[in-house]
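See structure below.
The values are calculated or read from the model by the stated rules, or taken from the named source; none is laboratory data. Computed from a prediction, not measured in an experiment: that's the story for all the values here. Cβ placement follows ideal geometry from the backbone for every residue including glycine, while neighbour counts extend to all protein chains displayed. To get the accessible areas, we keep the full protein, side chains included, count just its heavy atoms, and leave off ligands, DNA and RNA. Shrake-Rupley method; radii C 1.70, N 1.55, O 1.52, S 1.80 Å.
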Amino acid sequence: MTDQTAPTALDLPPLEPLPAGMQKYFGICQDKLGMVPNVLRAHAFDENKLNTFSALYNELMLGDSGLSKLEREMIAVAVSAVNGCFYCLAAHGAAVRQLSGDPKLGEMLVMNYRVAPLDARQRAMLDFAVKVTKASTEIEEVDREILRQVGFSDRDIWDIANVTGFYNMSNRVASATGMVPNDEYHAQFR
């Protein structure tokens, strides 16, 4: 691992030795990303918690969906901007820069997605995600219909809602535990 600082403000040391499955997973991360993301290191005190978090993340962010990987990362950034989550803004801002090939887009989404040159589909998606984040009880059929009008299926709307919900939960956990992003994220894909 490149970053040896504690991933959170909590005293939850990783299992020692790491179970074989965790070692393998962290090795894959190191090979693919050049680091083990601190969000994974934060869960390393409990193998079941890491496996549960990773399975949900992988399903929502990498699984079969009508949403592109970039769209899912855009949701992560827009939600994290509303919630002021430093960890997720650094990590997912880097992912938007990478997937879009546009560092400026990543920065715009981190600051205020409304200033970004988004198409109608992306704008409606992020408007919905932000409304869910700020006032989920105010979502009405008209909000879902706006998404349908720009081409989202009901399955896509389900995925938008689930990705949004996942990042609202993750943002709160990261903020509550003082989770710090890996230093590598700050310079990536600029």
Q. Span-like helices, the chain: DSSP H, alpha-carbon axial extent 18 Å or more, mean Kyte-Doolittle -0.5 or greater, which ones?
A. 20-33, 47-62, 69-83, 86-100, 120-135, 154-177
Q: Please calculate how many Å² of accessible area the chain carries per residue, with a 1.4 Å probe and no DNA, RNA or ligand atoms counted.
A: 51 Å²
Q | Extension gain from Val142 to Asp102, taking 0.36 nm per residue of separation minus the Cα-Cα distance | A | 11.2 nm
**Q.** Packing rank of 171-179, 83-91, 13-21, where each peptide gets the mean count of other beta carbons within 10 Å, highest leading
**A.** 83-91, 171-179, 13-21
Q. What part of the accessible area of the chain, given as a whole %, is carbon or sulfur when the probe is 1.4 angstrom?
A. 56 percent
**Q.** For peptides 111-118, 71-78, sequence by mean Cβ density within 10 Å, most packed first
**A.** 71-78, 111-118
Q. Given the protein chains as shown and a 1.4 Å probe, how many square angstrom of Arg121 are accessible, to the nearest 10?
A. 60 Å²
Q.
Tell me the volume per residue, in Å³, of the convex hull enclosing the alpha carbons of the chain.
A. 115 Å³
